[in-house]
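In what follows, a structure is listed as structure tokens, so that the remarks can point back to it.
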Amino acid sequence: MSDVRSYVRSLERSRDSTRPEHRPGVFSMRGREWDLLDAVFAPLHAGTTGIVLDMLGLSAPSRTPWRGSFLEIGCGTGVVAVTAALAGCDTVVASDINADAVANAALNAARHGVADRVRAVHSDLFERLPADQLFDTIVWSSPYVRAPEGYRFGSPLERAYVDPGYEAHRRYVREAPDRLADGGRALLHFSSRGDLEGLQGIAGEAGRSLRVLGTLAVADKGDVVEHLLLEIRREERAAPVRRRIDAPGPAVRRADPGLIQPA
């Protein structure tokens, strides 16, 4: 599929997600009920939120409780951030550029009784977070489809589906490792629908390396999409991220509930 078809289809999906049948006021995911506000990414429509929970090992109770501080960039409804708090994280920040998503995350933190540990912040990536605030785990389920540079968003919801020129990815790859506490992990959920080679180039330019922690192949409307959980490091350039789904390289492991161990 060409880059143009790919990003156009993603924009069509963002518009389709606004239809009433895709926007229940309350939805169920991984055994819990969640509030969904208008103009916020709908987890059941796209499915990526559940995939991130699975790849992080947050879909089922962990034998070892999570600890430390957790930051979710692009939190949307706050499902991942709230689940991290429920799993044991001491402090959680749920950040989003969409003000409605920030309100939605706060609503779900209150619904599940963790409002004392989950702080919802209106921020463009790390822009409005204190420079000296460091985290043990940072996660972003990115809008991995690359739109042309200069594309202007038609609605706030489109930001959850495409990234023009990979400008947001460029900033995240560069800045996330500098926001980590000692031993922390900067994670990125990506997919084969994104520009993997372009992302690898961005990492190299920023002096970062990408390590594949796990992959998960998912059937999506006739396509097989490979989802990847990447760790961003301040190290020498890693081997190129491989696109093959049936024969992943030696650094690739299939995702399982225990893949990411609690900090």
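The values are calculated or read from the model by the stated rules, or taken from the named source; none is laboratory data. Just so it is clear, the structure is predicted and the values come from calculations on it, not from any experiment. Here the Cβ is made from the backbone with ideal geometry for all residues, glycine too, and neighbour counts use every protein chain on show. These area figures cover heavy atoms from the full protein model, side chains too; ligands, DNA and RNA do not enter into them. Shrake-Rupley method; radii C 1.70, N 1.55, O 1.52, S 1.80 Å.
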Every pair of residues 6+ apart whose Cβ atoms lie under 8 Å, when the first sits in segment 192-205 and is closer than 12 Å to residue 230 by Cβ while the second is open to solvent by 10 Å² or more (accessible area, probe 1.4 Å) and among the acidic types (Asp, Glu): none
Count of residues meeting criterion [in contact with an Asp or Glu (Cβ under 7 Å, 6 or more places away or on another chain) and open to solvent by less than 70 Å² (accessible area, probe 1.4 Å)] in segment 106-121: 1
Of the criteria (1) surrounded by fewer than 17 Cβ atoms within 10 Å (Cβ to Cβ); (2) touching a helix residue (DSSP H, G or I) at 6+ places or on another chain (Cβ under 9 Å), which one residue 157 fails: (1)
Restricting segment 13-46 to residues that are touching a strand residue (DSSP E or B) at 6+ places or on another chain (Cβ under 7 Å) and in contact (Cβ under 8 Å) with a residue 60 or more places away in the chain, the residue that is nearest to residue 143 (Cα to Cα): 36
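Restricting to segment 124-147, name every residue that is out of contact with any helix residue (DSSP H, G or I) (no Cβ under 7 Å at 6 or more places or on another chain) and under 24 Å from residue 225 (Cβ atoms).
The answer is 144, and nothing else.
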Residue within segment 221-237 that is modelled with pLDDT of 95 or more and in contact with a Pro (Cβ under 7 Å, 6 or more places away or on another chain) present: yes
Sole exception among (1) modelled with pLDDT of 95 or more; (2) closer than 16 Å to residue 163 by Cβ for residue 100, by number: (2)
Within segment 172-190, considering residues that are open to solvent by 40 Å² or more (accessible area, probe 1.4 Å) and out of contact with any Asp or Glu (no Cβ under 8 Å at 6 or more places or on another chain), the one farthest from residue 228 (Cα to Cα): 182
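Looking at 87, 99, 42, can you tell me which residue is open to solvent by 50 Å² or more (accessible area, probe 1.4 Å) and among the hydrophobic types (A, V, I, L, M, F, W, C)? Spell out how you get there, then give the answer.
On the way: 87 fails: open to solvent by 50 Å² or more (accessible area, probe 1.4 Å); 42 fails: open to solvent by 50 Å² or more (accessible area, probe 1.4 Å).
Only one candidate qualifies: 99.
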Selected residue (only one of 134, 125, 129 is open to solvent by 40 Å² or more (accessible area, probe 1.4 Å) and touching a residue at least 12 places away in the same chain (Cβ under 8 Å)): 134
